[in-house]
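Shown next, in structure tokens, is the structure this report addresses.
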Amino acid sequence: MIDVQRMVKDMKKMAEEANTTITEIEGAILTVSINNRMTNAMNIAGISEDLQYMVQSDMEEQMLTDELDRYRGRGNSYVDDNIKEIQ
């Protein structure tokens with residue numbers, strides 16, 4: 001009878017330790033999940049900023065190209081030579 005009581009006591013202790021371990025694992029998973037969400041949000045924000053920069057740069061480059069096209073071929077060889085040098 002004493003052996004059965006000892007076994008039950010040992011099983012309860014093991015169950016408590018398992019519950020503690022499971023709780024710690026759940027906490028770790030939740031922390032990782034929150035960290036991943038933050039990392040993903042930061043990555044998405046960074047990608048969005050990069051895309052905005054690329055679009056803005058492309059627009060500025062297009063405006064410069066349009067401006068250069070307006071001055072090209074007006075008989076000013078200095079301007080035409082500089083335009084060729086830029087391209």
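Laid out as a table, the results:
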read-out: Hey, Val4 hydrophobic (A, V, I, L, M, F, W, C), loosely packed, with under 10 Cβ neighbours inside 10 Å and either out of contact with any Ser or Thr (no Cβ under 9 Å at 6 or more places or on another chain) or modelled with pLDDT of 75 or more (or both) or not; value: yes
read-out: Set Ala15, Ala41, Ala28: member being within 19 Å of the chain's Cα centre (by Cα) and in a helix (DSSP H, G or I); value: Ala41
read-out: Candidates Arg70, Arg74, filtered to the one that is outside any helix (DSSP H, G or I) and either over 27 Å from the mean Cα position of the chain (by Cα) or modelled with pLDDT of 75 or more (or both); value: Arg74
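The values are calculated or read from the model by the stated rules, or taken from the named source; none is laboratory data. Being a predicted model, the structure only gives us computed values, none of them experimental. Every residue, glycine among them, receives a Cβ derived from its backbone with ideal geometry; neighbour counts consider all protein chains shown.
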